[in-house]
Structure formats: C-alpha cells, structure tokens
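All of the numbers you see were taken from the coordinates with simple rules; none came from a lab. Worth saying up front: this structure is predicted, and the values here are computed from it rather than measured. Ideal geometry is used to build each Cβ from the backbone, glycine not excepted, and the neighbour counts take in all protein chains shown.
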C-alpha cells in the first residue's frame with residue numbers, strides 16, 4: 001500500500017487482509033481450519049444430522065462440505081453413512097475421538113482469540129463487536 005489513501009479504501013484493504021490472513025494463522029495455531037472446527041462444533045450439538053442439513057447450517061457449498069467431511073472421516077473424527085430409510089441421504093455424526101478433540105480445539109481457539117485481541121480492553125472489544133456487526137448488516141443488505 002503506497003501513498004495516501006482515503007480512509008474507506010484503507011478500511012476495505014485492511015478487512016481484505018484480515019480475511020485472507022486469519023484462517024491460515026488460526027489453522028497453524030489450532031491444527032484445524034476454522035471451517036472444519038465449525039463443522040465439528042455443529043456435529044457436537046447433535047447425535048446425527050444429514051449432510052445437506054449440515055451444509056445449510058454451515059453455509060458452504062456441496063463440494064466443500066464433502067471435501068471437509070472426507071478429511072475428517074479419514075482422520076477418524078466423523079462417521080458418514082447412508083440413511084437406511086432413504087439411500088440418497090448421507091447421515092453424519094461425530095466419533096468419540098471427534099467429540100474428545102472438539103474440547104481441545106475449543107481451548108486452542110480461545111488461546112488464538114486471546115492472542116489476537118491482545119491490547120484490546122473490554123470497551124475496545126465491545127466497540128469492535130458493534131462495528132463488525134454493523135459491517136455484517138451492511139454486507140447482508142448488498
């Protein structure tokens with residue numbers, strides 16, 4: 001970034017840089033991508049769920065959820081099976097190993113967030129939440 005930029009452009013560039021940078025840094029710290037952690041967290045809340053319902057809950061495309069679930073299945077964290085009532089539906093559940101790992105991933109996430117927010121006091125954090133929520137609201141209007 002060179003020269004003088006209007007604040008609006010600087011804000012946009014900073015948001016893009018944050019978006020690009022946070023996921024790989026989180027993954028290096030926690031050992032899992034934010035998307036996969038969110039999948040595990042959603043699965044932790046239920047006994048079993050259809051892959052399509054999980055996809056809608058997480059709001060990712062069909063190819064992405066299949067790719068993530070395949071990786072989690074290969075690592076022993078989730079099970080997938082065909083619904084015995086409707087063979088076209090895939091049911092997904094956490095294994096015991098997956099349930100156990102969710103706890104440690106949550107702790108890593110807390111540590112990551114704490115490091116990310118170093119130097120932010122309670123008022124800064126509340127203000128940041130408010131501003132980010134307003135940005136999200138504006139994005140949803142576009």
**Fill in**
For the chain, the longest principal axis of the Cα atoms and the Cα long axis of helix 34-44 enclose an angle in degrees, to the nearest 10, of 50
**Asked** For the chain, what's the relative contact order in percent, using C-alpha pairs closer than 8 Å and at least 6 residues apart?
**Response** 22
**Item:** Cα gyration tensor shape of the stretch 34-109, rounded if a/c is under 1.5, else prolate or oblate by comparing a/b with b/c
**Value:** prolate
**Asked** Between residue 83 and residue 111, what is the spin-label point distance in nm, taking each point 7 Å from the Cα along the Cα→C-beta axis?
**Response** 4.0
**Item:** Overall form of the stretch 1-58 per C-alpha gyration tensor (a/c, 1.5; a/b vs b/c)
**Value:** prolate
**Item:** Most mobile of 13, 107, 73 in a GNM of the chain (Cα contacts under 10 Å)
**Value:** 13
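Name the shape class, rounded, prolate or oblate, that the alpha-carbon gyration tensor gives for the chain, where a ≥ b ≥ c are the square roots of its eigenvalues, rounded holds for a/c under 1.5, and otherwise prolate holds if a/b is larger than b/c and oblate otherwise.
Details: a/c = 2.45, a/b = 1.84, b/c = 1.33.
In terms of gyration-tensor shape, prolate.
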**Prompt:** Which of 101, 126, 109 moves the most in a Gaussian network model of the chain with Cα springs under 10 Å?
**Reply:** 126
